[in-house]
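Data block below; observations after.
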Amino acid sequence: MMNRNCRATLRFLKRSHHQHNPSLLPSATTPSSQFTSVTGFDENFTQLQPNIVEHQDLSFFNPLRNFLKNKQLGIGIQHRCYGSMGGVVQRSPRFSELNDDDVRYFEEILGNKNVIQDEDKLSAANIDWMHKYKGASKLILQPCNTDQVSQILKYCNSRCLAVVPQGGNTGLVGGSVPVFDEVIVSLSSMNNIISFDKVSGILVCEAGCILENIMSYLDNEGFIMPLDLGAKGSCQIGGNVSTNAGGLRLVRYGSLHGSVLGVEAVLANGTVLDMLKTLRKDNTGYGLKHLFIGSEGSLGIVTKVSILTPPKLSSVNVAFLACKDYSCCQKLLQEAKRKLGEILSAFEFLDSQSMNLVTNHLEGARNPFPTSLHNFYVLIETTGSDESSDKQKLEAFLLGSMENELVSDGVLAQDISQASTFWRLREGISEALMKAGAVYKYDLSIPVENLYNVVEEMRSRLGDAANVIGYGHLGDSNLHLNVSVPQYDDKILSQIEPFVYEWTSKHRGSISAEHGVGLMKANEIFYSQSRETVQMMTSIKNLMDPNHILNPYKVLPHSITS
């Protein structure tokens, strides 16, 4: 028996089937205490017993305090404490400190304007966009081509000067900012599109190209990027590749390991690896490009990318649905994969806490179902080439889902503006979290059937002390678990970590689905990778960057790489 909502929706779909519905495109919105528990691993990758270390260090969770202590300590900062159970990070004694001769050398090869010591620019580059991680670099270098990147790294390697590659600085795990005084190598000036083949859809560009600019260029050519992120207006393709960014349409187009056909990368010693292939098939030897996709600049700096881009299809539809519980969301995903098949391009979900956060903190955001309270919401996008067939298939799917009571209510976008409004609700969650206060962010990959359980358990642990919200890319089992609090608090953090990592490991998940490891999770990598795997990673790091100058303190445990 159909419920009232199902009958109403059936009438709506029958009416709208005869109405003109233009192609829809998603919007391009721009959108500690004195004691820290320290866990480490020895040279044999055996976990050491936790101990309590008393210190007066700098906290990545309090940039203002960092600034004041920087003034007190001067340039001789040797260790930092960051707000994770990973503990204290020691500055590696192998690294030299920057001097005037170094600056003069960089000015000779880059020109004065590309060697930046301006305090305001340094301040912006030293801190991540969440204001959670803060370094103390005194120099930004802006190379304009691969040869200059090579000269920079060759010199830094000879001097044992640590460097941090930086793109749009939109990362969430402290991977794109210095920890201490590392030299920042910004790829922003390397922002040219080199070539585009309209027959194959293969784009070749420099690493500093902003993702949204590439998307606009491809749109004019009748193609799209296989990658779409909420940070598209700031993030750069080199950073996307270096972190293996996932995004909103991985369920349709897969990860960058498949889309990226080749890279050009510069090793720590200045050697340029030209792997900038534009071939979809190439089985000659080892696939070395994959070492640079997701290694977060710790093995080399990506300077150019070739990427396979799909053609832009004419029929895009967006539906926003309400579900009574997580089980319905899970079953809805199963049905969407079966009934929508090849036209399914996005399957996103958010809980009621996420919806309340967005509508309370983002101007103009409103719940499409204002008169009813729902526990979960799902955004479904389809992309195909036959508007009539695609819409008929989507409408049949929606009717069947309501008849089976998987969907409590729903609306199908009737124009571009309405589709943009729906996407704004999903893409605006990160912005709303920033406006709400401090936030602890966890990017987890968990089997779909267990994915939301960790959200519920975290709420039980924290009670009224925090607002725990869950949302993400349900189509590829990626949960964004966020704990929103008025301000960072070590007591709350101790309730979150290491519980969240232990829970994820117990359920055979990954502690980093798409954000990377960075500084935040370097010491936690053993929750997702075996000792033997991490040992192999360390061997690769030692081979390719024996002086460990590339993005130090990131990705691998500090006790191993220091």
For region 395-437, what are the residues that are open to solvent by less than 20 Å² (accessible area, probe 1.4 Å) and of a type in the set (Lys, Arg)?
-> ARG426
Residue among LEU357, LEU373 that alone is farther than 21 Å from MET225 by Cα and assigned to a loop (DSSP other than H, G, I, E, B) = LEU373
Considering each residue of region 278-301, count those that are surrounded by 17 or more Cβ atoms within 10 Å (Cβ to Cβ) and of a type in the set (D, E, K, R), and give that number.
-> 2
Within region 376-409, count every residue that is among the hydroxyl-bearing types (Ser, Thr, Tyr), more than 18 Å from LEU332 (Cβ to Cβ) and assigned to a loop (DSSP other than H, G, I, E, B).
-> 1
Filter region 288-314 for residues that are among the small types (Gly, Ala, Ser) and at pLDDT 95 or above; the one that is nearest to MET215 (Cα to Cα) is SER306
Quick one: in region 238-286, which of the residues that are outside any strand (DSSP E or B) and charged (D, E, K, R) is nearest to SER298 (Cα to Cα)?
-> LYS277
Spans of strands (runs of 3 or more DSSP E) in region 183-225 with at least 2 residues touching a Leu at 6+ places or on another chain (Cβ under 9 Å) and of a type in the set (Lys, Arg) = none
Tally, over region 447-474, of residues that are open to solvent by 10 Å² or more (accessible area, probe 1.4 Å) and among the small types (Gly, Ala, Ser) | 4
Select from region 136-160 the residues that are in a loop (DSSP other than H, G, I, E, B), among the hydrophobic types (A, V, I, L, M, F, W, C) and within 19 Å of SER92 (Cα to Cα) and write down the one among them that is least open to solvent (accessible area, probe 1.4 Å).
-> LEU139
Exclusive hit being over 30 Å from LEU250 (Cβ atoms) and buried (at least 17 other Cβ atoms within 10 Å of the Cβ), set HIS515, HIS548 | HIS548
Per the filter on region 324-352, residues exposed (fewer than 15 other Cβ atoms within 10 Å of the Cβ), small (Gly, Ala, Ser) and over 19 Å from ASN450 (Cα atoms) are GLY341
Those residues of region 188-209 which are touching a helix residue (DSSP H, G or I) at 6+ places or on another chain (Cβ under 8 Å), open to solvent by 10 Å² or more (accessible area, probe 1.4 Å) and not charged (D, E, K, R) amount to SER189, ASN191, ILE193, PHE196
Can you find a residue in region 451-463 that is among the small types (Gly, Ala, Ser) and over 15 Å from the mean Cα position of the chain (by Cα)?
-> yes
Are any residues in region 238-255 more than 12 Å from the chain's Cα centre (by Cα) and closer than 14 Å to CYS205 by Cβ, and if so, which ones?
-> GLY238
Give region 228-260 a look and list any residue that's of a type in the set (Ser, Thr, Tyr) and either closer than 15 Å to LEU172 by Cβ or open to solvent by less than 30 Å² (accessible area, probe 1.4 Å) (or both), or say none.
-> SER234, SER242, THR243, SER259
Residues THR538, THR533, THR504: which one is more than 22 Å from the chain's Cα centre (by Cα), open to solvent by less than 20 Å² (accessible area, probe 1.4 Å) and among the hydroxyl-bearing types (Ser, Thr, Tyr)?
-> THR538
Residue count, region 460-502 (criterion: over 22 Å from GLY428 (Cβ atoms) and part of a helix (DSSP H, G or I)) | 17
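The values are calculated or read from the model by the stated rules, or taken from the named source; none is laboratory data. As the structure is a computational prediction, the values presented were derived from the model and not from experiment. In this analysis, Cβ positions are derived from the backbone assuming ideal geometry, glycine residues included, and neighbour counts consider all displayed protein chains. Heads up: the accessible areas ignore ligands, DNA and RNA and are worked out on the full protein's heavy atoms, side chains in. Shrake-Rupley method; radii C 1.70, N 1.55, O 1.52, S 1.80 Å.
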